[in-house]
Structures are given as structure tokens and as C-alpha cells.
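*Asks:* One structure coming up, written as C-alpha cells, with questions to follow.
All of the numbers you see were taken from the coordinates with simple rules; none came from a lab. No experiment lies behind these values; they were computed from the predicted model shown. With ideal geometry, Cβ positions are generated from the backbone for all residues, glycine too; neighbour counts draw on all protein chains shown.
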Amino acid sequence: MEKVEVGVFLSDCGNQLSKTLDFEALLKHVKQVPGVALVARASEFWRGEGLKTLLEAIQGKKVNRVVVAEGLPKLSEVNIVEEVEKAGFNPYLVEVIDLKDHCAWPHRNTPKEATEKAKAMLLAAIERAKLFEPLEKLEFPALKSVLVIGGGIAGMQVAEDLADLGFKVHLVEKTPFLGGLAARAGRFFPTDDCAICIQSPASDVKTITHTSRKCVYRSGLSEIPNLNILTNAKVVKVEGVPGNYKVTVEKKPRYVNEQKCIRCDLCTTVCPVGVPDEYNAKLKKRKAIYINVPPVHPPVYVIDESVCKFHDCGKCVEICPTKAVELDQKSKQVTFNVGGIVVATGFQEYDPSVVKEYHYDEYPDVITNLELARMIDGFGPTNGMVIRPSNRKPAKRVVMVQCVGSRDRRWNPWCSSICCMISLKHAMLIKSAYPDTDVTICYIDIRTTGREHEYYYEKARDMGIKFVKGRPTEIGHDPEADLLIVDVEDAVSQRLLELEADLVVLAPAMVPPEGTKELAEMLSIELEEDGFFKEYNAKLRPTETKLRGVFLCGGATFPKDAPTTSLHAHSAAVKAAKFLSKGKIVKYQRTAVINEDYCGDCEFCPVTCPYNAINLVQKDEEHFVAQVSDLLCEGCGVCVGTCPVNAIELRHSRPNQMAAQMKALMSINGTSKPLILAMCCSECGHTAVDSSGMAMMQYPANVRVMKVPCTGILQVHQFLEAFKAGAQGVMVVGCKSDGCHYEVGSPTAKKRVDLAKMLLKEYGIAPERLEMFNMVFIEGDKFAEAARMMTERVEKLGLLRLTGAS
Amino acid sequence: MAHGKEEKHALPFSKEVKEQLGGETITLCYQCGTCASSCPVAKITPKFNPREVIKLSLWDERQGILSGDAIWLCCSCYNCQERCPQKVEIADVIYALRNIAIKEGNVPKIYSEFANGLINEGRIVPLSKFVEKKRPDYGLPPLEPAGVEALRKILSATGFDKLQQKKEEAS
């Protein structure tokens, strides 16, 4: 093994730090530490002359481990890592610490004590760096092709974006036609024009400029070279890993040849089978061979195999002028490889018949918003007329009921977010086409949050649409007068009303579509409690999942309006492109490693790993061992903390490194107060310490900070070892329990802290000496307060003496 | 709202109700009015509206709610509770309000009479000569006196009798 030569680079931030810290003493202290080959001092080391000194030292092979004490660690570390890597030096041999925010600034009133703490911090960094090992750089394949699941507004947009960016895209839609819920909705707010407007594809350059919008039916979507559209198809199997998936799709037979059909409509004239048209709210009948509405994509008929008589009839085959009808088509499976998967499965309208008091099943004149949308659509079953389904006469009094099965803790507790706008849109479309129609909206709260949305509400009032603030208790039917009666209290006027209506339109909740759970299982991604897909982070990564390589967009994560769905689709396209564009995934082996001699036959780590990165594999006939996927492992260390036999280590945070660091931090006190070790996670915990320093919040210098990847890595014995190393109190500082960057780390750490407290009690050590704190970056005040509180608490408890400890 | 004039209590009224058995769900209410339109009492009198009772309780209008008639007008049909989309246990909230009112000595005379009937005769509705006469006509046996002793033990163990005495002292 090569001799370890540590270079220590001390930045004084333009002599700002030397106002508090005695740099001469620090330099002297560092020089005498065994293994230190070089000590340098400059104003800064992350750029300019300082960086040059650092790079010269590693290039000249004077040092093979680097410790940098910087003033702006989070920013400077990025730059230092990049620069040393360029110079051919492994970045995992560098340790960067912060003498400003973690020492000089929070202890500026006690310079002598601060200097002693700085000595301990430097020593800890050196001892840790001595044990560093270089990490390998790994490469994994990333195929430049994407599977998009769902052919609604989101799926079509993301498919188009990615195809235009040069990726091979497979768009899989389970129904025979593209368009999804959007196409059924007919018209969209806030423009009141067709729902299926999407950006024009690049292939249609002759007629379309970049400023024009086009609809899917005229878009030439099928002409995009890289786009493979599979309708009437379902994803049945997904194997492989991010970057390289093998996908199996089952394509159901259409019974009509897509290349031959010319959509002459002769087949429907001879088809003898008539069934209620589900797509068009059952307000008309369709044939066994059909299309949803005249403008559909693909523009090809389909046979409904559940009702067609096939060879017992065969009339469509006879009449078809192009011989496009092929009754012997069979279901077939196609497989292809993709690098990434975009889920764009949208949402669906909830079945409102569960709300018994609204009698949706029973009264034909009680309909849903989507059914009304079909009526309003000119291509729809009534050609735009708003009628009463019971007698097909025009509806003159329309009452709309909001929040049906939504904002309802009996069914779906969430606000479906788009129904207020849908009802306002419908009310205005009815009112402008038939001004003598009386339209009333019963609402709990009108929610019009969005650009131009409040204007919709204003316009609706101006048009004479009535608003009743109240949720009806019952929809009744008066058979003699043949009308519906809506029983509702208007809270504003405090009146009980019985509204007479020809047509009642319910605004049902929007819920995840059928099959969502199965798809989530197939893709190994998670669902939220509401049943929609769970995004990686609602605030910053709304279109990614925890599994790199699987992306989400549109209503798959929650009901969305068209503008938001578009944004989402473009975002998912960019994220997928970013992930795959290099054709490979490059990452350092900053991962967990299993010691197979110890590991065996328990299932703790695969169950705990938040990234499904650990599998059990057969070791010999009777035994299993854990195996970590370097591709999926994020290096948090939750498995390390979970392993009952210490068989797992993180390559970038070995137990011996942590122990050396802990021992060094506790080896020098220099204050009159008891030493306290703060074990902080590298995410919120450590940055909260940064922010307390940045704001110059004061806490005593006896509090020493040790960074760990995630508090989830900590094991019970490590808390005990801290006391053994000389700590009189131990703080564990992690993210908020519901905001852990590795999801389960911080709540797991809390459990271990509680367990350790029980053990401490058994050992006769006051359990209050150990405490877990949860905070976010901006809560520096909370850290400073916690540090002061713990110091006071431990001072009161008195000196802890452990037998056998130094 | 005349908060200043009201008697000072340790807890805001809404919290006090929430801590009372039956009152736990009160803060879930978002005032949709489903209860009001479900209520058979509200249909015949403007004196009672369950939505309003909850609203005023949430506004901490302690005195108004406890000394008023409204909470005693609920007929406990549970229509509102069945249909409440927020699962507010409205009828139970009203029981909670009544229980607080009774502790304060606010109880309508008729309920007091019911309570006395229960303690003394084991019946809420006293036996009348009319009923006794009518029973044989329907082939019913004469009513035996109820087992008041066992009932009194229960009422005493639960503190019901003391509540009643307190009420009588107050009036």
C-alpha cells in the first residue's frame, strides 16, 4: 500500500477567519499530525492562486489525500471536486470542511475556544482523509428510446417532444383511439376551443409555423419518423433496469387494416349490431364496427369484439371497397428495448352512483360533467343540443352540483381541482348557445386559481348564471310534474331551497384510472395514499419518480387542467432526455458494499432500502446473500444502519473513517463546557449548521459537528461509541421525518435513538444525554438553540465517567 | 362578536367541544350546508340550523350556544350525520354541546322533568291514567313498576343524579 501523504489547505477568507482563529497555532498543530506532508495557507483554495497551489501539489504527487478548510464549503466543494478530477485525481480522496460557518463565526466571541475547536475539526478531517480509498467511476448503458404509456394530451405531447429531440418513442394507448379524456371533454378552459390542441409536430413543416397550434387529428402525429404509435395496446411486462428496459406490449386486434381503411363509412351502414355508445354517454347507439367521433386518430375503424358476430355475419367484409376488414386478426405481443419510461395514464371520472342520495343510477336526467361535455360537443350524440336524456326534449332548467364524491371523506377527500372550472365552462357554453336556459351552480367553494380563471367566474355571473352556496342533500324526482328537485341550503341567504330542474349535472371527483395499481407494481414505482402515482418531490421534481428512468406526467400524479398537463409533459420530456441523452449513465461507485462472509439469510436490508437497490441472491444451496445494484444504490446508508451483523458498509463512509473522525473531534476540548457530538446528515442537518453559522448565531464551541450521509446510517452502537470517545452528550440532527431526502432515513434514526436511550438507561447513563433533532436548512436558529440547550442540559447532569474509557 | 363580554374560559369554545365526548369531529366542518338541507327540524323552524350551530361554536360563541334553544331542538334523526361529506358527527356534536350546557345548569324544563322521571319512576314519560285505561283495549298487560333501584345505582355511579340536583339548585 502506498504511503498516505495528506495535504492540508487552510483558507483564511481574506484574513476574515484569522480575526477569530489563531492561524499560526492551527498551522503549527496541523504540521505535527502524523501523515501530513504539506500545509498551505491562502485566502481561498477553490479558485485562483489557491486552487493552483492545490492542483500543483496533487499533480506533483506531493500529496495523495487532500483536506481543504474553506469558507464556502458547499459551493467550493463542487468546484474543487471538478478541478481535481480534471487533474486526474480521484475526488473521493478530498475532504472539505468549513472553518467559517462551523467554527469562526458561531464562536466569534470566544476566539481561544474556537481555535481549539478548529484544531479538533482539522484533526478529524485529516484522520478521516487518511483512511479514504479512491472510488471507481462506473458506466451503464442508456438506450436512446422511450416508452410512453397513455395516449391522452400528456402522452401525446411528451411523445412528440421526445421524438423531435431524436429519441425513438413508443406511444402505447389502451383504447383504440388517441386523445384520452381530453378528446372526450370536447372543449377546454380557459380558451373554450378544442381540447385536443397540441403543438404542431416538426414533420408538418409545409403548412405549420411554430406559432400556430394544431389539433391531434390534423397534426400528422403518425408521420413523425421516430414515433411508433400502438393503439388498442397494453404494456404487459417490463424487465430490466433504468437505462435498459425490455418492454412487452400486447396489441389487441383491430380487425381493420390500418393501412387499407379509407374511412368511407360503408361498413357501419351494413353492420346489423347496435349497442349503446359508451363514449358518447350512451345518448346514441353505435355499430359493432365503429369510430368514436368523425375526427379520430388513428383514422381507422375498429370492431368491438364483445358484440360483433364475426363470420356469422361478415357484411362489412363484403362491402369494404379496399378489403380492409380482417376478421381473422389475432392478438400479438411485441417487445422492444427502451432506456426510459414515461407514465401518462391520466385520471378518470369517479362513478357518482355511490352517492346514493343523488340517484345517478336511477334518474336518467342526472348526468355527469363528462356526459354533458359529450352533448355540448358538436360531434357528440346530440350535435350540440343540451337535452333531457329521459325524453330528449331541450333542458331549460339546469342545476349543477359540485364536489360529488370529492372533498368527501367518505369517498375521495381531495379537491379534484378542475371541476369548478369545468362547470363554469359548461354553464357559459349552455348560456351562450341557449340564453333562455336557467343555469344554477351549487357549490361549497368556487376555486378558480389560475391565469384568467377568476375572469371565468366573473363572466359567468355577468351572464346571469346563478350560484347557490350549499351542497345539496338530495336530488328528488317529481313524477307528476316530471322534474327533478334539488334540496339545498343557500348559506349566504340562509334559505332552504328546492330547486326545480330538467337536468342535473354532477361534477364527480377525478380519480386514478383502473389498472393504476397493477402498472405501479409492474414498474416498481410507488403510489400516494390517494392512489395516484407518487412523484419524487412535489416541489422540485414533479415529473420524476424515485426510480431513475421512470417519469410521470399529466393527470397520472393528480387531476390537472390542460395548461398544467402541457407543462408537465414538456417537463417529463426534458427530464427523460436529460437522463438518456449521453447514451450512458456515469456515476461514481458511491454505493453500499456487502461483506458476504457476514451476510446471510435475513431480509432486513432489501426491505429497508428506499431504492429497491438490494436483492437477495443464492450463495450456495441453503444460503442467500444480499447484492447491491450499483446503478440503483444512492449511497444513503440506511441499509448499513439496518444490518444486524455489520455486513454492509458504504464505500464513501466506512465505519473506520467515521470512528477516526469521532475520536479526533472528541480528543481536544479547550472549553470549560462538556463536549457534545452532533451527528448531522449531509442534507438538512449539516446545512442547518451551515445556516446558523452564516447568520452568526452563537452557540458554545464544545459542540462538534460530524457529517454522515444520512442519519439512517447510524447504528445504536455508534451512539454508545460517541460516549466512549469522550462525548458528554450526543445530538443526532436529521431532516424532518416526512422530509428525509432518502425517505426513510430520518424516521429510522429516530427509532434507533429511542432504542439507544433505553440502553443508556440500562447502563446507568442519563438517556437525556442523547437527543434527536429534525430541522431544515433554513432553521439555523433551531440548531443554535438545540446546541445551547444540550450544553446546558449536559452541564446540569454533571460529568459522565465511563469505566475503561480514557 | 362580543368576545370581550363573555366569561373567560381556559380553552376556546371550539377546543372545549372537541375535547368533549362526541365533539371530536367539529373542526372538520367546511360549512357546505348538507346538514341544513337534510334537517327535518330546520324545514319547519328557523330556530334550528345545524350548520349555524357548528359555525357559531367554531367562532367560540360559547354563551349564545349554551344558553340558547337551538341545541335542544335537534331530533337526533342522524340524517345530517349520514350525509356529511366531512364525516362530522353532527348529532353527536350536538349531544356534546348539550352535555356542556347541562354542566353549566342550562337545560330546558322539559328535559329536567324527563330526568326526574327517570330517577323517580324509571321512565322518561310518566304513566298516565289514560294510558293505563287504554292498554287492555289493545290486549296489553298492565304496566309493572320499573326496577328503579338498579337504575338509581347506575345514575348515581355515573353522576347523573348530581347533575340533576345541581340543575335544580340553579333554578
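*Asks:* Lysines within cross-link reach of B:Lys153: Cα-Cα under 21 Å, excluding same-chain residues under 8 positions apart?
*Replies:* B:Lys103, B:Lys162, B:Lys166, B:Lys167
*Asks:* Starting from 0.36 nm per residue, how many nanometres of slack lie between A:Lys237 and A:Lys736 once their C-alpha separation is accounted for? Each step should come with its number before you reach the end.
*Replies:* Values: separation 499, 0.36 × 499 = 179.64 nm, distance 3.70 nm.
Fully extending the segment from A:Lys237 to A:Lys736 adds 175.9 nm.
*Asks:* Can you give the calculated 222 nm mean residue ellipticity of chain A, where each DSSP H run of n ≥ 4 adds -39,500 (n - 2.57) and the sum is split over every residue, rounded to the nearest 500 deg cm²/dmol?
*Replies:* On the way: 20 runs with 220 residues, N = 806.
Using -39500 (n - 2.57) per qualifying helix, the result is -8500 deg cm²/dmol.
*Asks:* Under the rule of at least 5 residues apart or a separate chain, name every residue whose amide H is placed under 5 Å from the amide H of A:Val703.
*Replies:* HN-HN under 5 Å from A:Val703: A:Ile676.
*Asks:* How many nm is it between the label spots at A:Val275 and A:Glu458, if each spot is 7 Å from the Cα in line with the beta carbon?
*Replies:* 4.9 nm
*Asks:* Right, next: How large is the dipole of the stretch A:350-511 about the Cα centre if only Lys and Arg carry +1 and Asp and Glu carry -1, each at its Cβ, rounded to the nearest 20 debye? Present the calculation step by step, with values, prior to reporting the outcome.
*Replies:* Details: 20 positive and 25 negative charges, 118 e Å.
That gives the stretch A:350-511 a dipole magnitude of about 560 debye.
*Asks:* Further, regarding this structure: Aspartates and glutamates near A:Lys736 by alpha-carbon distance under 14 Å, same-chain residues fewer than 8 away left out - which ones?
*Replies:* A:Glu683, A:Glu779
*Asks:* Another one. Under the 0.36 nm per residue contour assumption, what length would be gained going from the current alpha-carbon distance of A:Val78 and A:Thr449 to full extension? Intermediate results must be reported in sequence, preceding the final value.
*Replies:* Working: separation 371, 0.36 × 371 = 133.56 nm, distance 3.97 nm.
Between A:Val78 and A:Thr449, full extension yields 129.6 nm more.
*Asks:* Something else: Which whole-angstrom value gives the distance between the alpha carbon centres of the stretch A:19-61 and the stretch A:537-595?
*Replies:* Taking the Cα centre of the stretch A:537-595 as reference, the centre of the stretch A:19-61 is 41 Å away.
*Asks:* Semi-axes, largest first, in whole Å: what does sqrt of 5 times each Cα gyration tensor eigenvalue give for the stretch A:350-511? Working shown, then result.
*Replies:* Values: eigenvalues 84, 76, 55 Å².
The answer is 20, 19, 17 Å, longest axis first.
*Asks:* In percent, how large is the relative contact order of the stretch A:657-806, given Cα pairs closer than 8 Å and 6 or more residues apart? Intermediate values should be presented prior to the final figure.
*Replies:* On the way: 265 pairs, mean separation 48.7, N = 150.
Result for the stretch A:657-806 is 32 percent.
*Asks:* Provide A:Leu227, A:Leu171 in ascending order of the number of other Cβ atoms located within 10 Å of each residue's Cβ, fewest first. Show your work: numbers first, answer last.
*Replies:* On the way: A:Leu227 22, A:Leu171 28.
So the residues, fewest neighbours to most, are A:Leu227, A:Leu171.
*Asks:* Throw me the Rg/Rh for the stretch B:97-149, computed over C-alpha atoms with Kirkwood Rh, two decimals.
*Replies:* Numbers: Rg = 15.0 Å, Rh = 13.1 Å.
Across the stretch B:97-149, the Cα-based Rg/Rh ratio is 1.15.
*Asks:* Hey, how many Å between the Cα centroid of the stretch A:332-379 and the Cα centroid of the stretch A:102-123?
*Replies:* 64 Å
*Asks:* Checking the cross-link filter: which lysines have an alpha carbon closer than 26 Å to that of B:Lys129, excluding same-chain neighbours under 8 positions apart?
*Replies:* List returned: B:Lys109.
*Asks:* In the structure displayed, which of A:Lys144/A:Lys751; A:Lys287/A:Lys393; A:Lys260/A:Lys309; A:Lys237/A:Lys575 lie more than 32 Å apart, Cα to Cα? The partial results should precede the final answer.
*Replies:* Values: A:Lys144/A:Lys751 43 Å; A:Lys287/A:Lys393 25 Å; A:Lys260/A:Lys309 22 Å; A:Lys237/A:Lys575 23 Å.
Correct reply: A:Lys144/A:Lys751.
*Asks:* Ok, one more. Go through A:Ile262, A:Val325, A:Asn537 and say which Cα lies farthest out towards the positive end of the charge dipole of the protein assembly as shown; charges sit on Cβ, +1 for Lys and Arg, -1 for Asp and Glu.
*Replies:* A:Asn537
*Asks:* On to the next question. If I model a spin label at B:Trp59 and B:Glu144 as a point 7 Å from the Cα along the Cα→Cβ vector, what separation in nanometres do I get?
*Replies:* 5.4 nm
*Asks:* Test of understanding: express the Cα radius of gyration of the protein assembly as shown as a ratio to 2.2 N^0.38 Å, with N the residue count.
*Replies:* On the way: Rg = 36.5 Å, N = 977, 2.2 N^0.38 = 30.1 Å.
Against the compact-globule rule of thumb, the ratio is 1.21.
*Asks:* How far is it, in nm, from the label point at A:Glu24 to the one at B:Ser128 when both lie 7 Å from their Cα along the line to the Cβ?
*Replies:* 10.8 nm
*Asks:* Return a whole-number percent for the relative contact order of chain A, with Cα pairs under 8 Å and 6 or more residues apart as the contact set.
*Replies:* Values: 1730 pairs, mean separation 97.0, N = 806.
Computed over chain A, the figure is 12 percent.
*Asks:* To the nearest 20 debye, what is the magnitude of the charge dipole of chain A about its Cα centre, counting +1 on the Cβ of each Lys and Arg and -1 on the Cβ of each Asp and Glu? Numbers along the way, then the final one.
*Replies:* Working: 100 positive and 102 negative charges, 355 e Å.
Charge dipole, chain A, about its Cα centre: 1700 debye, nearest 20.
*Asks:* Now, a different point. Compute the angle between helix A:562-580 and the longest alpha-carbon principal axis of chain A, please, reported from 0 to 90 degrees and rounded to the nearest 10.
*Replies:* Orientation of helix A:562-580: about 50 degrees from the principal axis.
*Asks:* Another question, if that's okay. Past 19 Å, Cα to Cα: identify those pairs from A:Lys74/A:Lys707; A:Lys587/A:Lys707; A:Lys3/A:Lys724, in the order given.
*Replies:* Violating the 19 Å limit, Cα to Cα: A:Lys587/A:Lys707; A:Lys3/A:Lys724.
*Asks:* Then there is this: Ranked from highest to lowest mean number of other Cβ atoms within 10 Å per residue, what is the order of the peptides B:90-103, A:499-512? Display every interim value, and only then the final one.
*Replies:* Numbers: B:90-103: 21.1, A:499-512: 25.2.
My ranking of the peptides, most packed first, is A:499-512, B:90-103.
*Asks:* What residue among A:Leu54, A:Val8, A:Ser76 has its Cα farthest toward the positive end of the dipole of the stretch A:1-135, where the charges are +1 on Lys, Arg and -1 on Asp, Glu, each on the Cβ?
*Replies:* Result: A:Val8, furthest along the dipole toward the positive end.
*Asks:* Separate question: For the stretch A:1-135, just run the numbers: alpha carbon Rg, then divide by 2.2 N^0.38 Å, N being how many residues it has. Each step should come with its number before you reach the end.
*Replies:* Working: Rg = 13.8 Å, N = 135, 2.2 N^0.38 = 14.2 Å.
For the stretch A:1-135, the normalised Cα radius of gyration comes out at 0.97.
*Asks:* Using Cα atoms only, what is the angle between the long axis of helix A:48-59 and the major principal axis of chain A, expressed in degrees (0 to 90) to the nearest 10?
*Replies:* In chain A, helix A:48-59 runs at an angle near 80 degrees to the longest axis.
*Asks:* Once you've got the Cα coordinates, tell me which of A:Lys282/B:Lys87; A:Lys251/A:Lys284; A:Lys62/A:Lys130 are over 24 Å apart.
*Replies:* Values: A:Lys282/B:Lys87 34 Å; A:Lys251/A:Lys284 28 Å; A:Lys62/A:Lys130 15 Å.
Long pairs (Cα-Cα over 24 Å): A:Lys282/B:Lys87; A:Lys251/A:Lys284.
*Asks:* HN-Hα J couplings of the stretch A:664-678 from phi, Karplus 6.51/-1.76/1.60, θ = phi - 60°, integer Hz, Gly and Pro as x?
*Replies:* 5, 4, 8, 7, 10, 9, x, 10, 8, 9, x, 5, 10, 9, 9
*Asks:* Oh, and also: Which angle from 0 to 90°, rounded to the nearest 10, does the C-alpha axis of helix B:160-170 make with the longest principal axis of chain B?
*Replies:* Compared with the principal axis, the helix lies near 70 degrees.
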